[in-house]
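S.K.: Let me give you the structure first, and then I'll get to my questions.
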Amino acid sequence: MKIVALAGNPNSGKTTLFNLLTGSNQSVGNWPGVTVEKKQGPYRKAKEVMIQDLPGIYSLSPYTAEEVVSRKYLIEQGPDLVINIVDATNIERNLYLTLQLLETGQPLMVSLNMIDLLKKQRRKINLKKLAYLLSVPVIAISALKKKNIDNLQRQAEHSLTERPTYPQLQYDERLESALTMIEKNLTGIIPATKLRWYAIKLFERDEQVKQEIKLDATRQKDIEQTIDTAEKLFQDTSDSIMINARYELISRLVKMCVIDENDFAMSFSDRVDMVVTNRWLALPIFFLVMWAVYYLSIQTIGTMGSDWINDVLFGSLIPNFVQECLVKWQVASWMQGLIIDGIVNGLGSILGFVPQIMMLFLCLGILEDCGYMARIAFVMDRIFHRFNLSGKSFIPMLISTGCGVPGIMATRTIENEKDRKMTIMLTTFMPCSAKLTVIALVSGTFFPDQSWVAPSAYFLGMVAVVGSGIFLKKTKLFAGPPLPFVMELPAYHFPKPANVGRQVLNRADSFIKKREQLFLLLVC
Ligand code: BGO
């Protein structure tokens with residue numbers, strides 16, 4: 001069986017391409033020992049080829065679980081072909097991973113995705129030149145619009161059968177001579193195809209690689225001397241020398257291959273972002289948006305649906321119908337009371353919230369799908385960072401105001417394990433739609449004429465959650481600065497009804513199931 005691995009930055013379109021290449025025949029699990037999703041599936045045109053989706057990563061450094069999994073897989077398993085999906089609209093950042101993939105010496109081809117968006121941005125990339133400079137095939141595609149996929153498949157099939165080898169890219173001459181000296185120290189210990197990768201990693205003083213290959217003292221001393229000399233020459237640390245060398249090469253590649261027809265014009269998303277992520281306007285706009293969301297779901301449209309379910313459907317229609325049936329079947333009156341007051345009214349109290357919740361999820365789904373929520377995480381990161389919290393904790397917490405279950409699921413995007421665990425612990429305490437009812441009940445019963453009590457309890461709950469986060473961050477278990485917040489801000493899109501619909505149904509489903517379980521527990 002031949003293996004084709006898909007590698008690329010998060011949001012580069014890997015999943016979209018993976019789905020096209022495998023059809024619906026995929027299996028999902030976890031990589032051994034870590035909670036990183038592992039997806040694979042047979043190539044839909046040749047079942048003997050397995051498509052392996054690697055986690056979305058920005059580099060092959062050993063910091064996040066995703067990076068460790070990917071580099072271990074690439075170096076130890078050695079797939080027959082790596083397809084590197086590059087977001088053509090973010091080529092500078094995406095090429096950083098491309099250079100690192102080239103350094104591994106694996107057979108590689110580049111799939112330049114989102115070419116439709118690039119065209120809209122009035123930018124072009126000279127593909128032949130880029131392929132020539134990178135020394136690997138480059139195919140431009142649009143995975144979303146299914147454009148040029150045949151060409152990509154043809155090239156991949158050709159690369160799989162021919163297995164062509166490509167020359168390594170050359171960085172700064174002084175760096176290259178240091179790398180050659182390290183490679184000489186590794187000859188005979190490391191296979192020739194992997195010499196460059198190991199030389200670069202040792203040059204970067206990568207602890208994992210150092211421990212893996214365990215060199216004798218003489219070689220270690222030689223390599224250390226080479227690195228010291230390079231550091232003196234460049235007046236920089238060795239890992240920074242490597243990073244700079246890659247970025248210098250990328251900036252040369254981009255200058256030579258990318259043609260920007262409107263270098264000074266701003267895109268629509270840039271113009272909207274000037275207002276929406278503005279230092280002073282971002283939060284007031286966000287509060288207005290959230291107020292509109294709650295107004296639509298809790299005050300108006302959602303409540304109309306809930307009132308109809310409570311007052312009409314479960315207020316008279318269903319109870320009257322059930323009562324008539326029970327009387328006709330001569331059921332004992334205590335049993336009638338149990339069925340109508342217990343089961344029918346209980347069911348009504350679950351379903352009564354559904355319109356409000358669906359409306360809330362619909363609004364959140366639209367905001368997420370059009371790209372606004374990504375901006376909010378970015379804006380909130382400015383505030384959260386002051387308390388050593390990650391801005392990525394905000395979206396799960398926000399989703400938890402609807403329901404804790406999808407909130408916990410949303411923590412998957414937080415790379416730092418400590419931050420993820422802490423967010424999981426805290427999101428469930430967020431005042432969700434279920435707790436809203438309890439707040440309404442308690443404040444309505446004990447403070448009937450004080451309308452400020454319920455909203456205060458709601459917002460106090462949120463402040464307590466953030467306060468607990470600040471406190472937990474000071475404990476040994478969760479201490480440490482959050483990882484730098486790197487997040488793709490997608491261009492604003494019209495929300496896709498299918499995406500939004502799926503999200504609303506999934507979230508409403510977990511909301512109903514959660515309440516259903518509680519109801520069954522109470523009935524039992
Ligand atoms: C959202 N062209 C365009 N225009 N978009 C593409 C293309 C393409 O060729 N390929 C992918 N996309 P993933 P990873 C989205 O989901 O495959 C889009 O992480 C959004 N979602 O549709 O998931 C694709 O697996 C809200 O867009 O990438 C997806 O690598 C607003 O790129 C995104 C805007 O694709 C990432 C887009 C809630």
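S.K.: Please determine whether any residue of the stretch 80-89 is within 17 Å of the chain's Cα centre (by Cα), closer than 30 Å to Arg122 by Cα and of a type outside the set (Val, Ile, Thr). Steps first, please.
M.R.: Within the stretch 80-89, the subset within 17 Å of the chain's Cα centre (by Cα) is 85-87.
If we keep only those that are closer than 30 Å to Arg122 by Cα as well, we get 85-87.
After this cut, where a residue has to be of a type outside the set (Val, Ile, Thr) as well, the list is 87.
Yes, some residue in the stretch 80-89 is within 17 Å of the chain's Cα centre (by Cα), closer than 30 Å to Arg122 by Cα and of a type outside the set (Val, Ile, Thr).
S.K.: I'd like the residue in the stretch 362-398 that is away from the ligand (no atom under 15 Å from the Cβ) and outside any helix (DSSP H, G or I) and, out of all such residues, is surrounded by the fewest Cβ atoms within 10 Å (Cβ to Cβ).
M.R.: Applying the filter and picking the extreme gives Phe387.
S.K.: Another question, if that's okay. Considering only residues that are in a loop (DSSP other than H, G, I, E, B) and of a type outside the set (Gly, Ala, Ser), which ones fall in the stretch 329-349? Can you show your working first?
M.R.: Step one: filter the stretch 329-349 for residues in a loop (DSSP other than H, G, I, E, B), giving 329-332.
Within the stretch 329-349, Trp329, Gln330, Val331 qualify.
S.K.: Here's something else I'd like to know. Within the set of pairs 6 or more residues apart or between chains, which connect a residue that is under 29 Å from Trp197 (Cα atoms) inside the stretch 103-120 to a residue that is within 10 Å of the ligand (Cβ to nearest atom) and of a type in the set (S, T, N, Q) with Cβ atoms less than 7 Å apart?
M.R.: Going by the 7 Å Cβ cut-off, the qualifying pairs are Asn113/Ser12; Asn113/Ser142.
S.K.: Going by the conditions given, is Lys214 farther than 25 Å from Tyr166 by Cα and at pLDDT below 90?
M.R.: Working: farther than 25 Å from Tyr166 by Cα: yes; at pLDDT below 90: yes.
The answer is yes for Lys214.
S.K.: Check whether at least one residue in the stretch 44-60 is aromatic (Phe, Trp, Tyr), more than 15 Å from the ligand (Cβ to nearest atom) and not in a helix (DSSP H, G or I), and report yes or no.
M.R.: Looking for residues that are aromatic (Phe, Trp, Tyr), more than 15 Å from the ligand (Cβ to nearest atom) and not in a helix (DSSP H, G or I), one finds none in the stretch 44-60, hence no.
S.K.: Moving on to the next point. Looking only at helices (runs of 4 or more DSSP H) that lie completely in the stretch 407-524, which have at least 1 residues being away from the ligand (no atom under 16 Å from the Cβ) and modelled with pLDDT of 80 or more?
M.R.: Details: elements: 417-427, 433-446, 453-473, 497-523.
By residue number, 417-427, 433-446, 453-473.
S.K.: Another question, if that's okay. Does the stretch 394-431 hold any residues that are closer than 22 Å to Pro55 by Cα and among the aliphatic types (A, V, I, L, M), and which are they? First the steps, then the outcome.
M.R.: The first filter runs over the stretch 394-431 and keeps only residues closer than 22 Å to Pro55 by Cα, leaving 395-396, 406-421, 423-424.
Once the filter is applied, which keeps residues that are closer than 22 Å to Pro55 by Cα and among the aliphatic types (A, V, I, L, M), the stretch 394-431 yields Ile395, Ile408, Met409, Ala410, Ile414, Ile424.
S.K.: Moving to a separate point now. Which residues, taken from the stretch 137-173, are of a type in the set (D, E, K, R) and away from the ligand (no atom under 16 Å from the Cβ)? Quick ask: steps written out before the conclusion?
M.R.: Initially, the stretch 137-173 is screened for residues of a type in the set (D, E, K, R), giving 145-147, 150, 154, 157, 162-163, 172-173.
Result: Arg154, Glu157, Glu162, Arg163, Asp172, Glu173.
S.K.: I need a count of the residues in the stretch 67-77 that are buried (at least 18 other Cβ atoms within 10 Å of the Cβ) and more than 18 Å from Leu99 (Cβ to Cβ). Give the derivation first.
M.R.: Taking the stretch 67-77 as the starting set, the residues that turn out to be buried (at least 18 other Cβ atoms within 10 Å of the Cβ) are 67-71, 73-75.
Filter again for more than 18 Å from Leu99 (Cβ to Cβ), leaving 68-69, 73.
Adding up the residues that qualify gives 3.
The values are calculated or read from the model by the stated rules, or taken from the named source; none is laboratory data. Just so you know, these numbers come straight off a predicted model, no measurement behind them. Using ideal geometry, Cβ is built from the backbone for each residue, glycine included, and neighbour counts are taken over all protein chains shown.
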